[in-house]
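Written below as structure tokens is the structure these notes are about.
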Amino acid sequence: MAIGLRNMKRRPAMSNLSPAVNLRDKPGEKWRGSRIGLLLNHPLSTYYLILGATILLLVLGLLMVLSASSVESVRTFGSAYTLVQRQALFAVAGVIALVLAARTSVQFWRQGAWVFLAIAFALLVAVLFIGVEVAGQKNWIELFGPFRLQPSEFAKLALVVWGAEVLTRKDRLNPTWGSLLIPIVPVTGILMALVLLQGDFGNTLMLAAILCGILFAAGAPLRLFAIFGAFGVVGVWILTLAAPYRMERIISWLNPDADRLGFGWQVTQGQYALGTGGLLGVGLGGSREKWGSLPEAHTDFIFPVIGEELGIVGTFSILVLFAILAFAIFRMSRTSELPFVRLASAGVGSWIVIQAVINIGAVLGVLPVTGVPLPLVSYGGSSLVPTLIAIGMLLAFARNEPEARKRIRRHATATAMRRR
């Protein structure tokens, strides 16, 4: 197909070389004249929306990890606070990384793209030789003490940065779509294969989601995603036939009543937890399912504990915060004048939003269980820290927008003058 990026007319605001210039693409145009419109049109509104939603999700996640992990922590370590203390340590490290990332420039990420990819490849290969197996997946590298590293989580961040850089550079050459997919699709395929060799099917899907998000933001034709979808269905079918436990999960998903006490147990107990929470829940710390009935209550299935303890109010709050985060990220992807920023933002947005949808969808029984955590909420440093770094990168993008830089400079000047 001999259509270059510069000639793509679908979704002009998403195209690499078509910045948003019409009124409908302005962030607050829909509410012009209202208080919401004034807030959305503030040069730093995207920055504050991303930062605020992230902090609230992180704080709520720490509270729920404290509650959901207490029983498991006592059983394993003799203290109800061991797991939440580790999560707090991960959160502190992640917030420090976020702050440092938020102070960087767009050029920093572009220049480091190939380095990030090389590190991700090295870690994914290393885990095949020196990795340890946890819950049937050999996708962890022992660090020190109780701490482990999951390279597949960092591979997602590397793919976002590298993929955005490659497509940004190719855009200058006005390539055809056939040439544009080289090398991003083969490289992503190799990353996915390495992750799949570790038994990590969930993060394999997430790498595919990131690839699709970046290509969609670049203006790829919809028939390309139809082709990807067809290959994906065939691939999932083959992988399901190759692993009996995956087949059991699919059967359990298609027919939940077939094995409620076996492969369907986790989803069933999760739905019981959600169903007993009511409007306001049984109270923070009052979950009954976390006492052994619900496996992985503080990791992959923390959402049902939120529903049980905080009720519909708690689960709806989580959904609203993810919706705000998605709105801010994809708005920046749509309106930024820099191709790299648009593509990287789309990659991070696809990563966070699709992972949240897969996690919550599995809990509700509308999607099969794949073992991916709820971003920013579930227990796990290897998931939390890369996510916070990616969000820090987005904050750097938001701060470096032209109008935002002007506002920051004016504020700094005014503050300096007041101090005199």
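Quick look at the numbers
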quantity	calculated
Total residues in the stretch 208-231, condition in contact with a helix residue (DSSP H, G or I) (Cβ under 8 Å, 6 or more places away or on another chain) and either surrounded by 23 or more Cβ atoms within 10 Å (Cβ to Cβ) or farther than 16 Å from residue 159 by Cα (or both)	13
Any hit, the stretch 84-94, residues being modelled with pLDDT of 95 or more and under 24 Å from residue 343 (Cα atoms)	yes
Checking residue 174 against (1) among the polar types (S, T, N, Q); (2) at pLDDT 85 or above; (3) in a loop (DSSP other than H, G, I, E, B), the condition it does not meet	(2)
So residue 303, is it part of a helix (DSSP H, G or I) and surrounded by fewer than 22 Cβ atoms within 10 Å (Cβ to Cβ)	no
Number of positions in the stretch 58-82 that are out of contact with any Gly (no Cβ under 9 Å at 6 or more places or on another chain), at pLDDT below 95 and not polar (S, T, N, Q)	6
All positions within the stretch 178-204 that are surrounded by 19 or more Cβ atoms within 10 Å (Cβ to Cβ) and assigned to a helix (DSSP H, G or I)	180, 184, 188, 191, 192, 194, 195, 201, 202, 203, 204
Residues located in the stretch 362-420, provided they are hydrophobic (A, V, I, L, M, F, W, C), more than 14 Å from the chain's Cα centre (by Cα) and modelled with pLDDT of 80 or more	362, 363, 364, 366, 367, 369, 395, 396, 397, 398
Odd one out for residue 320 among (1) in a helix (DSSP H, G or I); (2) out of contact with any Lys or Arg (no Cβ under 8 Å at 6 or more places or on another chain); (3) at negative phi; (4) in contact (Cβ under 8 Å) with a residue 12 or more places away in the chain	(4)
Among the candidates 349, 361, 275, residue that is part of a helix (DSSP H, G or I), on the phi < 0 side of the Ramachandran plot, among the small types (Gly, Ala, Ser) and surrounded by 19 or more Cβ atoms within 10 Å (Cβ to Cβ)	349
Search result, residues across the stretch 271-305 that are aliphatic (A, V, I, L, M) and closer than 16 Å to residue 318 by Cβ	273, 274, 279, 280, 284, 297, 302, 305
Residue match in the stretch 325-336 (condition: surrounded by fewer than 24 Cβ atoms within 10 Å (Cβ to Cβ), in contact with a Phe, Trp or Tyr (Cβ under 8 Å, 6 or more places away or on another chain) and at pLDDT 95 or above)	no
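The values are calculated or read from the model by the stated rules, or taken from the named source; none is laboratory data. None of these values were measured; they are calculated from a predicted model. Neighbour counts run over all protein chains shown; Cβ positions are idealised from the backbone, glycine included.
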